[in-house]
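A.B. asks: Pasting in a structure now, in structure tokens, and then I'll have a few things to ask.
The values are calculated or read from the model by the stated rules, or taken from the named source; none is laboratory data. Small disclaimer: the values here were computed from a predicted structure and weren't measured. Positions of Cβ are backbone-derived with ideal geometry, glycine not excepted, and every protein chain shown enters the neighbour counts. Quick note on the areas: whole protein, heavy atoms, side chains included, nothing else; ligands and nucleic acids left out. Shrake-Rupley method; radii C 1.70, N 1.55, O 1.52, S 1.80 Å.
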Number of protein chains: 2
Amino acid sequence: MRARDLAVEYRTVRVDSDAMEAARLMAEHRLPGLLVLDEHGEPKAILPASQMVKALVPAYVIDDPTLAAVVDEKHADRLCEALTGRRVGDCLPHEATPPPIADPDDTALEVAALMARVRSPLVAVAHRDKAGTHLLGVITASHLLHQLLGVTGASGTS
Amino acid sequence: MRARDLAVEYRTVRVDSDAMEAARLMAEHRLPGLLVLDEHGEPKAILPASQMVKALVPAYVIDDPTLAAVVDEKHADRLCEALTGRRVGDCLPHEATPPPIADPDDTALEVAALMARVRSPLVAVAHRDKAGTHLLGVITASHLLHQLLGVTGASGTS
């Protein structure tokens, strides 16, 4: 089994996508994160949902937890204003790095070794040539475990 | 909306649970991670699926990626032996810390501020008294986004 056969579709956004739309996408589909592509369509970073939570919470509330308790729900409803006019690129953590990228011909063990080295929750599978990087999909850690352990039975949710 | 109303059930294992069973649980249900409880049932750590991938891959393969390509699939099938006799506690990352814990009465914004401060993908909700910590459930980042943004529509998968 090669990386190309293990890769599955994963929700992506662009660095210049609307931040609010990205947050709504994660909220609606209960996604733990999104894959962010740069302006050329190449994998640039993983945007965890917790980062969008951070972008929504006013800095004064993060700094002083006692304030969070006294902000009422009505005010909390207006949190989304924090994302107005912002782009996905503005919400990325400063230390964000591109996800590890596997070659479509890599074996499951090569993908596992790559994931283990960088301790990433997912590996992007992409074909790279002179014209650039062409994303085929991603392999998540649990999907890879499924393959490595040869688990049969319940297919679960992906 | 309080933390107690937002908390949902999450798969847990104990530090002394069988490591192989934990890995199979993540693989079968495509879980990005498990919540690990200590011997008293208190939240001890989050075990990401990528950590179990790391536990499966022989150290010499992680150190020398070129070896991963030449280990044949048949040999890869025997990776699960790496987990035989090991406990979940043996597989936790050295730097594993307990997940952030919210009080059942905390507001959504308090939970968000806690998540933002520690940048955790989830917050455990637990009632704490002299008798110990009683886990009610967890709130994931995407679930919290859903609440904060007041998203309606597709319920998605959790």
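A.B. asks: Which one of these is among the small types (G, A, S) and more than 29 Å from A:T107 (Cβ to Cβ): B:A68, B:A102?
C.D. replies: B:A102
A.B. asks: Does region A:72-95 contain at least one residue that is more than 11 Å from chain B (Cβ to nearest Cβ), under 30 Å from A:A116 (Cα atoms), open to solvent by 60 Å² or more (accessible area, probe 1.4 Å) and free of Cβ contacts under 8 Å to residues at least 24 places away in the same chain?
C.D. replies: Checked region A:72-95: at least one residue is more than 11 Å from chain B (Cβ to nearest Cβ), under 30 Å from A:A116 (Cα atoms), open to solvent by 60 Å² or more (accessible area, probe 1.4 Å) and free of Cβ contacts under 8 Å to residues at least 24 places away in the same chain.
A.B. asks: Same structure, new question: Among the listed residues B:A141, B:A108, identify the single one that is under 19 Å from the mean Cα position of the chain (by Cα) and at pLDDT 85 or above.
C.D. replies: B:A141
A.B. asks: Assuming B:G85 fulfils every condition listed in (1) touching a strand residue (DSSP E or B) at 6+ places or on another chain (Cβ under 9 Å); (2) at pLDDT below 90 apart from one, which condition is it?
C.D. replies: (2)
A.B. asks: Scan region B:116-133 for residues that are within 25 Å of B:E39 (Cα to Cα) and either in contact with a Ser or Thr (Cβ under 8 Å, 6 or more places away or on another chain) or basic (K, R) (or both) and jot them down.
C.D. replies: Residues satisfying the conditions are B:S120, B:P121, B:L122, B:A126, B:H127, B:R128, B:K130.
A.B. asks: For B:V8, which of the numbered conditions (1) within 11 Å of chain A (Cβ to nearest Cβ); (2) buried (at least 19 other Cβ atoms within 10 Å of the Cβ); (3) within 17 Å of the chain's Cα centre (by Cα) fails to hold?
C.D. replies: (2)
A.B. asks: Quick one: A:D18 ticks every box in (1) touching a residue at least 40 places away in the same chain (Cβ under 8 Å); (2) open to solvent by 50 Å² or more (accessible area, probe 1.4 Å); (3) of a type in the set (D, E, K, R) except a single one, so which number is it?
C.D. replies: (2)
A.B. asks: From the list A:T12, A:T107, pick out the single residue that is of a type in the set (S, T, Y), over 19 Å from B:E110 (Cα atoms) and touching a helix residue (DSSP H, G or I) at 6+ places or on another chain (Cβ under 7 Å).
C.D. replies: Being of a type in the set (S, T, Y), over 19 Å from B:E110 (Cα atoms) and touching a helix residue (DSSP H, G or I) at 6+ places or on another chain (Cβ under 7 Å) holds for just one of A:T12, A:T107, which is A:T107.
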